[in-house]
Amino acid sequence: MNIQQYQNYQAFIFDMDGTLIDSMKQHQSAWEFALQLFNIPYTAEQMLAMSGMPTGLSVEKLLADAHITNVDVAAVVETKEQHYHQLVNNEVLATPLIEVFEYYLGKKPMAVGTGASQQQAQLLLAKLGIADKFKAIVGADLVAEHKPAPDTFLKCAELMQVPPQACLVFEDADAGVAAAQAAGMDVIDVRDLWPANYFVE
């Protein structure tokens, strides 16, 4: 990874899960646990397509696709998130992108823009010891429209006081890449930097 190639940008915005934090396996296990518990059918293709979306929206889409109307979305979300926290609390690992973060720390403002909740993002980044190093952390509950809408990344730029076009986004999901482009930002698809952790049934 040629870290210095990013030096012309004024600021960086990182997605969290699958981009800065290697947590996709825990997410996969938590999804499998919750969806099987509530008898909600799913395919690997569906899960991959929804990567980066808030959990509640993903559950709603799966239920709609399966024409299921008698399942409590909030209960599914709570089950998935609780199981995920149990798994991820054991160990939080950084992806290779942590090298970019460490190289530019103190040199350029950086933010996290994630589909996770603000509380969850703060918790996981704190476990890596880097939560207080970011100029901004923007969770899904801080914006009106989620990825692929640009709100998350525009909020990050606003809080960093950097023009959107001067920001570089790192993402691992189609929705996030689209959100960055909609925000007028350049984006690095980290799936091109290392093997993707795709959701497997």
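The values are calculated or read from the model by the stated rules, or taken from the named source; none is laboratory data. Keep in mind the model is a prediction, meaning the values are calculated, not measured. Don't worry about glycine lacking a Cβ; one is built from the backbone with ideal geometry, like all the others, and counts go over all protein chains shown. Heavy atoms of the whole protein, side chains included, go into the accessibility calculation; ligands, DNA and RNA do not. Shrake-Rupley method; radii C 1.70, N 1.55, O 1.52, S 1.80 Å.
See the values below:
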| read-out | value |
| --- | --- |
| Rounded to 10°, Cα long-axis angle of helix 73-88 versus longest principal axis of the chain | 60 degrees |
| Virtual spin-label span in nm between ALA74 and TRP194, 7 Å along Cα→Cβ | 3.8 nm |
| Approximate shape of segment 47-91 as ellipsoid semi-axes (Cα gyration tensor, √5λ), whole Å, largest first | 22, 13, 7 |
| Label point distance in nm, MET1-ALA149, each placed 7 Å from Cα along Cα→Cβ | 3.0 nm |
| Å² per residue, accessible surface of segment 135-175 at 1.4 Å | 42 Å² |
| Cα pair distances in the chain, grouped into 5 Å bins until the bin that holds the longest one, percent each | 1, 8, 17, 21, 20, 16, 9, 5, 2, 1, 0 |
| Helix-derived mean residue ellipticity, 222 nm - over the chain, DSSP H n ≥ 4, -39500 (n - 2.57), to 500 | -12500 deg cm²/dmol |
| Considering only the chain, percent of DSSP beta bridges that pair antiparallel, nearest 5 | 5 percent |
| Exposure ranking of LEU48, LEU63 by accessible area [1.4 Å probe, largest first] | LEU48, LEU63 |
| Helix 151-160 vs. the chain, principal-axis angle (Cα, 0 to 90°, nearest 10) | 30 degrees |
| List VAL187, VAL138, ordered by accessible area with a 1.4 Å probe, largest first | VAL187, VAL138 |
| Length released on extending from SER117 to ALA166, taking residue separation times 0.36 nm less the Cα-Cα span | 15.1 nm |
| In Å², nearest 10: area of LYS61 left accessible to a 1.4 Å probe | 90 Å² |
| Sequence of VAL77, VAL112 when ordered by accessible area, the most exposed leading, probe 1.4 angstrom | VAL77, VAL112 |
| Share of carbon and sulfur in the accessible heavy-atom surface of segment 44-179 [1.4 Å probe, %] | 51 percent |
| Residue-level accessible surface for ASP141, protein heavy atoms, 1.4 Å, Å² | 100 Å² |
| Cα extents of segment 109-201 along the three principal axes, largest first (Å) | 39, 31, 25 |
| Accessible-area value, VAL73, 1.4 Å probe, nucleic acids and ligands omitted, Å² | 40 Å² |
| Proportion of all alpha-carbon pairs of segment 1-72 beyond 17 Å (%) | 53 percent |
